[in-house]
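The structure appears below as structure tokens.
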């Protein structure tokens, strides 16, 4: 994540995202630099338009998880709640299982 943050910082400062600049940012932050990661990051971001990617990500985050139609009968809504309750129980069970990993 540090490498991505460095790239975003460079982008917000309107600096080119190249190996030298990424290394400077990481060095200033006191991060041990992995040359392979820096090269992979720069190569991966060379074709990406960061502004468009950020806008697309914010649009996805803003959209509601599920849309219900206003013309749905009341019975349909009751049926929809049951799977949601089951999903909630499954999530709680999964979280309980993860808790066992940490003691």
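Taking the Cβ-Cβ separation of residue 9 and residue 89 as r and a Förster radius of 25 Å, what is the calculated FRET efficiency to the nearest 0.05? Mind showing how you got there, number by number?
Values: r = 42 Å, r/R0 = 1.67.
Efficiency, from the Cβ-Cβ distance: 0.05.
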Query raised in the report: Any idea how far apart residue 33 and residue 59 come out in nm if each label point goes 7 Å out from Cα toward Cβ?
Result: 3.6
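Read-outs throughout are calculated quantities, based only on the coordinates presented, and are distinct from any laboratory measurement. Because the structure is a prediction, the values reported are computed rather than measured. Positions of Cβ are generated from backbone atoms using ideal geometry, with glycine treated the same way; all protein chains shown enter the neighbour counts.
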